[in-house]
Amino acid sequence: MLLSGRLLAQYQEPPGQRTAVLPLGPGIHSRFVKIVLDSERCTGHGRCYSLAPELFDSDDEGHSVVLTPEVPDGLEAQARLAVENCPETCISLVD
Ligand code: SF4
């Protein structure tokens, strides 16, 4: 049985059976972390898209736009950096 992420954590093997854990391929996420941006509170400092340009961009007025709501593997550190450096605390990460 092929399982990934959250399903694998919840799966209980029947007695006497082994589950093959296969490596995740490109585009398959090992975790389900999503970026939530409170656009009402964004004042356009630009720290998020400067520090995490693969996850955020700016609109015409300099306010943040999330490029990829589901954080791809390998970009978790960028996402956390954006969260920690937003002066308005309007970026959060949820499972
Ligand atoms: S750092 Fe925060 S306030 Fe600044 S543009 Fe990004 S989301 Fe908006």
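Does residue 52 qualify as being within 12 Å of the ligand (Cβ to nearest atom), under 15 Å from residue 41 (Cβ atoms) and small (Gly, Ala, Ser)? Outline the logic, then answer.
Details: within 12 Å of the ligand (Cβ to nearest atom): yes; under 15 Å from residue 41 (Cβ atoms): no; small (Gly, Ala, Ser): yes.
Spelling it out, it is not the case that residue 52 is within 12 Å of the ligand (Cβ to nearest atom), under 15 Å from residue 41 (Cβ atoms) and small (Gly, Ala, Ser).
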Residue 43 vs (1) in contact with an Asp or Glu (Cβ under 9 Å, 6 or more places away or on another chain); (2) at pLDDT below 95: all pass except (2)
Scanning segment 58-80 residue by residue, the ones that are under 14 Å from residue 36 (Cβ atoms) and among the small types (Gly, Ala, Ser) total 2
Filtering segment 71-86 for residues that are over 13 Å from residue 42 (Cα atoms) and either loosely packed, with under 13 Cβ neighbours inside 10 Å or within 10 Å of the ligand (Cβ to nearest atom) (or both) leaves a count of 3
A careful count of residues in segment 35-64 that are surrounded by fewer than 15 Cβ atoms within 10 Å (Cβ to Cβ), more than 10 Å from the chain's Cα centre (by Cα) and of a type in the set (A, V, I, L, M, F, W, C) gives 0
Here the residues within segment 31-49 that are of a type in the set (D, E, K, R) and more than 9 Å from the ligand (Cβ to nearest atom) are 31, 34, 40
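The values are calculated or read from the model by the stated rules, or taken from the named source; none is laboratory data. Not measured: the values here are computed from a predicted model. Every residue, glycine among them, receives a Cβ derived from its backbone with ideal geometry; neighbour counts consider all protein chains shown.
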